[in-house]
Amino acid sequence: MDTKIKQLEDMIAQQNKVILTLQNKIELLEDKAVRLAICKISNGNYPYYDFILSYHITPEQQFQIKRLFMVLSEKLAGNALPVSFKTSERYSTDFIYETSTFTFSDVKKSILTILLNTDEDLPLTLIKAMRDQGMQVELCNYLISLAEHEI
Amino acid sequence: MFKSKLLLASMSSLLLAGAIGLPVSQAFAASPQTTVVSSVTVGSAQGSVEAAGKLGFLVRGALVVIKNAVKYGGEALSHVVKWLDADTAKYLSKNTGKISDGIDKAIGKISELGDYATATIRTILLDGLRAAGVPDKYGVAIAEAIAATVDLLLL
């Protein structure tokens, strides 16, 4: 029994060493990726990818933004909206379900909540980058025109 | 087109598959041999929390709907294409066979009872597209667009 416990303890110690090695490698890779993102020459065809790298947007944040934009796109087209989107997100989506159209201010607040950021210029930068990469062009142009009118 | 309509669309896919002579089993791929991938809720360094996963059965259904839309057209395809730049959209339209093959490979890796975060679905899709011969230059954007569309369909 004591031998078995000792064996298990040795296994755990070995696993912990492996985990520590992997943690160090992940830290090193993250550091390299951050520096590469800064010093690489930007490809003008991918401004949205540039934005993601520059502002360290996580995959989950990217999909939260995509979900928001897809529902806004449906609203803009006058299509039916998914009911579960009213309560599925961390930010209030009530503005999307009002009969009136959404404002840029509402969308800006949502994006800032998703990105956990307070820079008021960031949402418009994101939208322009997305538009310039050819993503959700109609919606992005609409949001940019809203932003210009709200200034 | 959301979860309730997805079920109707899935049934339509089955009927369509039967009508054009495809084995109905192709509409929903056989259970995979791979282990279940589960998503966990974690806090990242930035404080954002990963969302709970989506049931594999529903993800597979959504992917079948999207695959059929890629091959035959439909509302789901318009959701995918909105995320693609002109060059990638053109690649998709000229390589529907490869793309649907890649989606099939992804479906094969999704367990019906598993829980899948959207980012995991994207990774599985990208692997499937790579195995089908789609270069990353197009595959990354297509995988993300399809994963985002799965997200929308399952809202």
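Throughout, read-outs are computed from the coordinates displayed, never taken from laboratory work. Model, not experiment: these values are computed from the prediction. Cβ atoms come from the backbone with ideal geometry, glycine included; neighbour counts cover every protein chain shown.
Using the beta-carbon distance between A:LYS86 and A:SER42 and R0 = 22 Å, what value does 1/(1 + (r/R0)^6) give for FRET efficiency, to the nearest 0.05?
Working: r = 38 Å, r/R0 = 1.74.
Efficiency computed from Cβ-Cβ geometry: 0.05.
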Under unit Cβ charges (Lys, Arg +1; Asp, Glu -1), what dipole magnitude, rounded to 20 debye, does the stretch A:1-149 have relative to its Cα centre? 360
Could you calculate the FRET efficiency of A:LEU20 with A:LEU116 from 1/(1 + (r/R0)^6), where r is the beta carbon distance between them and R0 is 25 Å, rounded to 0.05? 0.30
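With the Cα gyration tensor of the stretch A:47-150 in hand, convert its eigenvalues to equivalent ellipsoid semi-axes via √(5λ) and list them largest first in whole Å. Could the numbers behind the result be given before it?
Working: eigenvalues 82, 50, 34 Å².
Semi-axes from the Cα gyration tensor: 20, 16, 13 Å.
For A:ILE57, A:ILE19, which order do you get if you count the other beta carbons within 10 Å of each Cβ and list the fewest first?
Ranking A:ILE57, A:ILE19 by Cβ neighbours within 10 Å, fewest first, gives A:ILE19, A:ILE57.
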Taking a label point 7 Å from the Cα of A:TYR49 along the Cα→Cβ vector, which residues of the stretch B:126-143 have an amide N closer than 17 Å to it? B:126-127, B:129-130, B:134-143
MRE, 222 nm, helices only [DSSP H, n ≥ 4, -39500 (n - 2.57), over chain A, to nearest 500]: -23000 deg cm²/dmol
Alpha-carbon Rg with Dmax, taken over the stretch A:25-102, Å: 17.3, 52
